[in-house]
Amino acid sequence: MINQEHIVSGFDRDLESIQALIMKMGGLVEESIVKSAQALETRDEELARSVRAADRTIDALEEQVNEEAARILALRQPTASDLRTVLSVFRVSANLERIGDYSKNIAKRSSVVVQMQPITGTGPALRRMAGAVELMLKDVLDAYIQRDADLALEVRARDQEVDQMYSALFREYLTHMMEDPRNITHCMHLHFIAKNIERMGDHVTSIAEQVIYLVTGELPDEDRPKGDRTPFEKGM
């Protein structure tokens, strides 16, 4: 009986340790979203470089998470809900890593955009969109730790708002390009930045679905609502 309790407590400690890594990784990704949007809006090349550099830490954490999760699977051989918990770690960390990659991509493009003449209103609009995704990520990480399926469902539904922001920005960029062909290159960069933010929202939604699966044992049945889709999305 003592040995069994020792095994259980050891497994619990393993889970706590690996989920602490997930939260550390999530915090860094949240920060990268905020800083990449800020660097774009304020045309701060040094801040953009710091976002690109920080992505290496996020990548290293994903590797550490995956190694720890694989070790738990091999040594503990969890079943039922414990197995779902370990498997969710792989999926959550992969989604966080991809969000970090999109932040890095935004930082890369912002270094190009700062060399161009500003287009009025585009920076704040992208920052608001990034802020909505950052808040979604914060809430979904809370849902993950608290095992709150209702909060995860709410976050999942909010992705539609991000899609609508993206569609509005796309139409705005198209208008700028039609009004003055000299805006085409700049607006194309801004469009790809907006698309990166929209993709972040998709990955946050995937984490929300993993939380729901973790709590209930089932993925949501219905397709999540999506906002308008634009012609540029094909092939991206």
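Miscellaneous remarks
- Matching residues in the range 101-118 - criterion: being buried (at least 17 other Cβ atoms within 10 Å of the Cβ) and either among the hydrophobic types (A, V, I, L, M, F, W, C) or free of Cβ contacts under 8 Å to residues at least 60 places away in the same chain (or both): Asp101, Ile106, Ala107, Val113
- Scanning the range 10-49 for residues that are within 22 Å of Gly131 (Cβ to Cβ), among the small types (Gly, Ala, Ser) and in contact with an Asp or Glu (Cβ under 9 Å, 6 or more places away or on another chain) gives Ser32, Ala37, Ala39.
- Residue check for Val92: of a type in the set (A, V, I, L, M), part of a helix (DSSP H, G or I) and in contact with an Asp or Glu (Cβ under 9 Å, 6 or more places away or on another chain): no
- Scanning the range 78-93 for residues that are surrounded by fewer than 16 Cβ atoms within 10 Å (Cβ to Cβ) and small (Gly, Ala, Ser) turns up Ala80, Ser81.
- Selected residue (only one of Arg156, Arg128, Arg98 is free of Cβ contacts under 8 Å to residues at least 40 places away in the same chain and either touching a Lys or Arg at 6+ places or on another chain (Cβ under 9 Å) or in a helix (DSSP H, G or I) (or both)): Arg128
- The number of residues in the range 72-89 being in contact (Cβ under 8 Å) with a residue 24 or more places away in the chain and part of a helix (DSSP H, G or I) comes to 9.
- Answer residue from the range 159-194, given it is β-branched (Val, Ile, Thr) and without any contact (Cβ under 8 Å) to a residue 40 or more places away in the chain and is surrounded by the most Cβ atoms within 10 Å (Cβ to Cβ) among those: Ile184
- Across the range 120-150, the qualifying residues are those that are under 23 Å from Arg49 (Cβ atoms) and surrounded by fewer than 17 Cβ atoms within 10 Å (Cβ to Cβ), and the one among them that is modelled with the highest pLDDT is Gly131.
- The numbered conditions (1) of a type in the set (Asp, Glu); (2) modelled with pLDDT under 85; (3) out of contact with any Ser or Thr (no Cβ under 6 Å at 6 or more places or on another chain) are all true for Asp202 except (2).
- Selected residue (criterion: surrounded by the most Cβ atoms within 10 Å (Cβ to Cβ)) from residues of the range 38-77 that are under 18 Å from the mean Cα position of the chain (by Cα), under 25 Å from Arg91 (Cβ atoms) and aliphatic (A, V, I, L, M): Val51
The values are calculated or read from the model by the stated rules, or taken from the named source; none is laboratory data. None of the values given here were measured: they were computed from a predicted structure. Here the Cβ is made from the backbone with ideal geometry for all residues, glycine too, and neighbour counts use every protein chain on show.
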